[in-house]
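Participant: The structure is given below, and queries will be raised subsequently.
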Amino acid sequence: MDRGTVGSANRGRLQVEARTEGLSEVVTPVGELDHHTADLLREPLEGAVEQGRSRLVVDCSRLEFCDSTGLNVLLGARLKAEAIGGGVHLAGMQPVVARVFEITGAGAVFTVHATLEEALEP
C-alpha cells in the first residue's frame, strides 16, 4: 500500500497536532479517524513513545468519528506507553466517539477525562 497516496488523498479528513506539555505528549486528532487516516495518528503517538514520553494525552474534543481501526491505534499506543511505565489518557470525547468506546468496552481500559485541562493535571 502506498502510504503517501493514502495520506495525501485523505489528509483533509484528519489532521493531527502534537505538542509536549509538561510531562505529557498532547496529541489532537481533528476530523475523522478511520482505516484511511489511522496512520496520521499512529505515527505521532508511536514517535512520542519512541522518544521516551510515556504519558500520552489524546484530546478528542475535535474528533468527529472513530472506527475500529482508529480504536486499534489507540489501544496499540496504550500498550506501548504502558510498556514504558505510562499510559494513554483520553480527553473531551464527543458523544459519537464516546459511544464507540462504550459499545466496544474499550473505555474501561483508558483513563477518560471530561476536559483536556483535567487530563493534564498531575
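Participant: Per residue, how much accessible surface does the chain expose to a 1.4 Å probe? Answer in Å², no decimals.
Facilitator: Dividing the accessible area of the chain by its residue count gives 52 Å².
Participant: Still on this structure: Show the residues, 5+ positions off or on another chain, whose built amide H is closer than 5 Å to the amide H of Thr111.
Facilitator: Those lying under 5 Å, H to H, from Thr111 are Val88, Leu90.
Participant: Ignoring ligands, DNA and RNA, what percent of the accessible area of the chain is carbon or sulfur (1.4 Å)?
Facilitator: 52 percent
Participant: A follow-up question, please. With every protein chain left in place, what is the accessible area of Thr115 in Å² (1.4 Å probe, nearest 10)?
Facilitator: Number for this one is 60 Å².
Participant: With a length cut of 20 Å (Cα positions projected on each helix's long axis) and a Kyte-Doolittle mean of at least -1.0, go through the chain and give me the DSSP H helices that pass.
Facilitator: Membrane-span-like by this rule: 68-83.
Participant: Normalising by the residue count of the chain, find the relative contact order in percent from Cα pairs under 8 Å and 6+ residues apart.
Facilitator: Averaging sequence separation for qualifying contacts and normalising by length gives 22 percent for the chain.
Participant: Still on this structure, please answer the following. So what's the net charge close to Glu117: Lys and Arg +1, Asp and Glu -1, counting the other residues with Cβ under 11 Å from its Cβ?
Facilitator: -4
Participant: Considering all alpha-carbon pairs of the chain, what whole percent are spaced by more than 27 angstrom?
Facilitator: Of the Cα pairs, 10 percent sit more than 27 Å apart.
Participant: Can you give the accessible area of Arg55, probe radius 1.4 Å, in Å² rounded to 10?
Facilitator: Spelled out: Arg55, probe radius 1.4 Å, area about 50 Å².
The values are calculated or read from the model by the stated rules, or taken from the named source; none is laboratory data. This one's a predicted model, so the numbers in the text were calculated from it and none came from an experiment. Note that each Cβ is placed from the backbone with ideal geometry, even for glycine, and that neighbours are counted across all protein chains shown. Calculation scope for accessible area: heavy atoms of the full protein, side chains included, ligands and nucleic acids excluded. Shrake-Rupley method; radii C 1.70, N 1.55, O 1.52, S 1.80 Å.
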